[in-house]
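The structure under discussion appears below in the form of structure tokens.
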Amino acid sequence: MSMAMTSAVRIRVAQAIASACQQHQSRGAVHHSRWNSKRKSVIANARGARRALQELLDTKGQNEEEEEQLTGPVLKDSVQWTSPLSIVKYPDPVLRAPNAIIDCFDDSLRRLAEEMFEVMYEDDGVGLAAPQVGVNVRMMVFNETGEKDRRDAEVVLVNPRIISSSKDKRVFEEGCLSFPKIYGDVVRPGKVRVKAQDLSGKSFFINIDKFPARIFQHEYDHLQGTLFCDRMSSDVLDSVRNDLVQLEEDYIQKNPQTTIQRI
Ligand code: CO
């Protein structure tokens, strides 16, 4: 933990210096142009700059659409699942299986999202990915408050993809409903820009920061078959190793025929 914290702080300081230098340079440029140009040309320059900026933003939007395509199996039909849902625990191979891109936005999908919220609240969670209830599709639900009455804070993301991540790194102690009573520090970017679809299939972009950014990235990892123990530094992993091995032993005892990926 201390190692991760130290490197995170070091990265933050380096970024602060870089950003201060950049601001200083751009202030210098504005200053220079004021002293050397007539008012008219300053206005023309400002208009030109604004136009250039808008063009840049427009192109950026297009690139985002073009560059970020999900790859993998596509589920054209209704998502199949059975009620009631229950949480799949580590090291069940379902947590490592590929998750299909959803291409059928029907009642089955909407009911799955609803039931995922129910299971999440029952287990005192703040986020849940579909593979965690044994359904290998690319959908996640979260509610940063963890409170059932706070419907306004509920977020459902279908086929989410990360467009960009901030360079700043944060350390936070995470838990996971698939790893009962196991907690460990994980380093992740502070902010992410995401493209996703809603339950009707409509695409949208969203900027996520603070606690929701933490939850989103943890759940997004599930959709990639990545688990939070994969992201732990070796010393953090060592601190939870015995508990992970215990979960593996329990699973092997109940499922002697299944091959699992061990820590
Ligand atoms: Co999890």
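Computed from the coordinates by the stated procedures, all read-outs in this text should not be read as laboratory data. Everything numeric in this text was worked out from a predicted model, so none of it was measured. Neighbour counts are summed over all protein chains in view; Cβ atoms, including those assigned to glycine, are modelled from backbone coordinates with ideal geometry.
Does TYR183 satisfy being within 26 Å of GLY134 (Cβ to Cβ), within 15 Å of the ligand (Cβ to nearest atom) and among the aromatic types (Phe, Trp, Tyr)?
yes
Among the residues of region 114-134, is there at least one that is over 19 Å from PHE179 (Cα atoms) and without any contact (Cβ under 8 Å) to a residue 60 or more places away in the chain?
Yes, the conditions are met somewhere in region 114-134.
Check region 217-238 and report whether any residue there is more than 15 Å from the ligand (Cβ to nearest atom), free of Cβ contacts under 8 Å to residues at least 24 places away in the same chain and surrounded by fewer than 17 Cβ atoms within 10 Å (Cβ to Cβ). Steps first, please.
Step one: filter region 217-238 for residues more than 15 Å from the ligand (Cβ to nearest atom), giving 233-238.
If we keep only those that are free of Cβ contacts under 8 Å to residues at least 24 places away in the same chain too, we end up with 234, 238.
Of the ones still in play, those that are also surrounded by fewer than 17 Cβ atoms within 10 Å (Cβ to Cβ) are 234, 238.
Yes, because at least one residue in region 217-238 is more than 15 Å from the ligand (Cβ to nearest atom), free of Cβ contacts under 8 Å to residues at least 24 places away in the same chain and surrounded by fewer than 17 Cβ atoms within 10 Å (Cβ to Cβ).
How about region 69-116: which of its residues are in a loop (DSSP other than H, G, I, E, B), β-branched (Val, Ile, Thr) and touching a helix residue (DSSP H, G or I) at 6+ places or on another chain (Cβ under 9 Å)? Write out each step before concluding.
First, the residues of region 69-116 that are in a loop (DSSP other than H, G, I, E, B): 69-73, 76-92, 96-99, 103-106.
Subsequent filtering for residues that are β-branched (Val, Ile, Thr) retains 71, 79, 82, 87-88.
Of everything in region 69-116, those that are in a loop (DSSP other than H, G, I, E, B), β-branched (Val, Ile, Thr) and touching a helix residue (DSSP H, G or I) at 6+ places or on another chain (Cβ under 9 Å) turn out to be VAL79, ILE87, VAL88.
Could you check, for region 127-141, whether at least one of its residues is of a type in the set (Lys, Arg), in a loop (DSSP other than H, G, I, E, B) and crowded, with 21+ Cβ neighbours inside 10 Å?
Scanning region 127-141, I find at least one residue that is of a type in the set (Lys, Arg), in a loop (DSSP other than H, G, I, E, B) and crowded, with 21+ Cβ neighbours inside 10 Å, so the answer is yes.
Which residues, counting only those in region 171-180, are more than 11 Å from the ligand (Cβ to nearest atom) and touching a helix residue (DSSP H, G or I) at 6+ places or on another chain (Cβ under 7 Å)?
Once the filter is applied, which keeps residues that are more than 11 Å from the ligand (Cβ to nearest atom) and touching a helix residue (DSSP H, G or I) at 6+ places or on another chain (Cβ under 7 Å), region 171-180 yields VAL171, PHE172.
Could you figure out which of (1) under 23 Å from VAL240 (Cβ atoms); (2) of a type in the set (S, T, N, Q); (3) free of Cβ contacts under 8 Å to residues at least 60 places away in the same chain isn't true of SER165?
If we test SER165 against (1) under 23 Å from VAL240 (Cβ atoms); (2) of a type in the set (S, T, N, Q); (3) free of Cβ contacts under 8 Å to residues at least 60 places away in the same chain, just (1) comes out false.
Checking SER200 against (1) out of contact with any Leu (no Cβ under 9 Å at 6 or more places or on another chain); (2) within 16 Å of the ligand (Cβ to nearest atom), only one condition comes out false. Which one?
That leaves (2) as the condition not met.
Looking at ALA196, ALA153 in this structure, which one is surrounded by fewer than 15 Cβ atoms within 10 Å (Cβ to Cβ) and aliphatic (A, V, I, L, M)?
ALA153
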